[in-house]
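Notes to accompany the following structure.
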Amino acid sequence: MMRDNPSQPMDPQTAANYFQTLENNIARSDKVNSMIVDVVKSGGVFTVTISLNGSISYMRSGIALQNLGAFDVQSHWGSGVVFSNMQTTAY
């Protein structure tokens with residue numbers, strides 16, 4: 001599972017948890033947000049790391065990818081989400 005806000009409670013069950021989630025989202029709503037998808041090959045397997053604003057939100061090692069030609073980015077924020085300045089870098 002990828003968490004788009006690593007500082008929010010995993011499963012808000014109380015009013016305080018829910019309020020904290022809202023505060024965390026508001027605190028980053030006016031910032032320049034960034035997403036980095038890093039894929040590193042070692043031997044025949046890959047490690048995929050996804051960072052949001054410098055915080056790792058997903059990491060998985062030992063993936064046997066045959067081809068990484070494309071990936072999808074989906075936001076739960078709904079309409080109005082704009083991804084800009086996207087680029088791919090080959091090493």
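One table, with the values for the structure above:
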quantity: Candidates Val45, Val39, filtered to the one that is closer than 30 Å to Leu65 by Cα, touching a Gly at 6+ places or on another chain (Cβ under 7 Å), modelled with pLDDT of 70 or more and surrounded by 12 or more Cβ atoms within 10 Å (Cβ to Cβ); calculated: Val45
quantity: Matching entry among Asn25, Asn85, Asn17, Asn67 (being more than 18 Å from the chain's Cα centre (by Cα) and at pLDDT below 70); calculated: Asn67
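The values are calculated or read from the model by the stated rules, or taken from the named source; none is laboratory data. All values derive from a computational prediction rather than experimental measurement. We place every Cβ from the backbone using ideal geometry, glycine too, and count neighbours over all the protein chains shown.
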